[in-house]
Amino acid sequence: MSADKTTLRKQLRQQRQSLSAQQQQAAAEKLSQHFAQLPELAESQHIAAYLASDGELDLSPCIELIWRQGKQCYLPRVTSESQMEFRGYQQDSELQNNRFGIAEPGDSATLTSPEQLDLVLLPLVGFSRDGGRLGMGGGFYDRAFAFKAHSHSKPTLIGVAHSLQEVEQLPIESWDIPLSAIITEQGYFAAGSR
């Protein structure tokens with residue numbers, strides 16, 4: 001199955017990378033309109049997002065909305081070969097590229113634990129409506145939110161992807177932390193809905 005995942009990951013990454021700058025911008029704007037309507041947004045004060053790379057759906061308009069609403073925004077920061085943490089992100093935050101070439105906050109940014117977050121927007125390479133998800137393969141989010149496997153506590157985890165990244169079915173591994181929902185430029189749906 002891992003060979004299949006590797007092939008699928010490559011195909012889906014190529015599809016999202018092939019989107020033009022105009023398509024990416026339009027998708028980001030549509031996504032932010034759906035995001036603005038989420039009850040989870042209204043109920044959340046501490047929200048983790050990401051800075052898009054590799055053709056991921058851009059959350060910049062969503063992050064600007066978080067700031068306008070006076071909520072706290074956080075970004076993931078890779079700390080080791082297998083771990084990541086979440087650091088505060090404001091308009092004037094200084095960012096540095098990690099070993100993957102992804103911009104992230106530095107040591108001076110406010111640190112928060114995954115348990116303190118209310119809502120997390122996490123990037124997906126692929127997804128299925130039954131809640132299956134495919135990431136980049138590093139397992140960073142699964143390790144950061146492993147505590148959720150034993151409780152239904154916060155944060156709410158919402159996967160973010162272009163609609164073209166949807167597949168019929170993905171294997172759900174025992175270590176996969178389930179998503180509450182998925183949001184694309186076409187809309188929002190609870191994981192497990194058809």
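The values are calculated or read from the model by the stated rules, or taken from the named source; none is laboratory data. Predicted model only: the values in this text are computed from it and were never measured. Here Cβ is always computed from backbone atoms with ideal geometry, including for glycine, and neighbour counts include all displayed protein chains. Quick note on the areas: whole protein, heavy atoms, side chains included, nothing else; ligands and nucleic acids left out. Shrake-Rupley method; radii C 1.70, N 1.55, O 1.52, S 1.80 Å.
According to the square roots a ≥ b ≥ c of the eigenvalues of the Cα gyration tensor, what is the shape class of the stretch 45-95, taking rounded for a/c under 1.5, prolate for a/b larger than b/c otherwise, and oblate for the remainder? Oblate is the answer for the stretch 45-95, as a/c is 1.5 or above yet b/c matches or exceeds a/b. The shape of the stretch 55-161 comes out rounded: with a ≥ b ≥ c from the C-alpha gyration tensor, a/c is under 1.5. Given +1 at the Cβ of Lys and Arg, -1 at the Cβ of Asp and Glu and no other charges, the dipole of the stretch 1-152 around its Cα centre is 500 debye to the nearest 20. At most 12 other Cβ atoms within 10 Å and a DSSP loop assignment: could you name the trypsin sites (Lys or Arg not before Pro) in the stretch 50-119 that fit? Passing both the DSSP loop test and the Cβ count: Arg99. Indicate, rounded to the nearest 5 percent, the antiparallel portion of the DSSP beta bridges found entirely in the stretch 35-127. Looking only at bridges with both residues in the stretch 35-127, the antiparallel portion is about 65 percent. Only Cα pairs under 8 Å and at least 6 apart count here; give the relative contact order of the stretch 45-179 as a rounded whole percent. Taking the mean separation of contacting Cα pairs over the length of the stretch 45-179, I get 24 percent. Heavy-atom accessible surface of the chain, averaged per residue, reaches 50 Å², computed with a 1.4 Å probe. Placing a pseudo-label 7 Å from each Cα along the Cα-to-Cβ vector at Gln33 and Ser53 gives an inter-label distance of 3.1 nm.
Taking the DSSP beta bridges with both ends in the stretch 1-160, the antiparallel portion is around 55 percent.
Take Thr110: with every protein chain present and a 1.4 Å probe, its accessible area is about 90 Å².
Which shape class applies to the chain: rounded if a/c is under 1.5, otherwise prolate when a/b exceeds b/c and oblate if not, where a ≥ b ≥ c are the square roots of the Cα gyration tensor eigenvalues? Rounded, since a/c falls under 1.5. Remark: the Gln169-Arg9 segment gains 56.3 nm on full extension, using 0.36 nm per residue and subtracting the alpha carbon distance. Available extension along the chain between Gln17 and Ala103 is 29.1 nm, counting 0.36 nm per residue and deducting the alpha carbon span. Taking a straight Cα-Cα cut-off under 30 Å and skipping sequence neighbours fewer than 8 places away in the same chain, the lysines within cross-link reach of Lys154 are Lys5, Lys30, Lys71.
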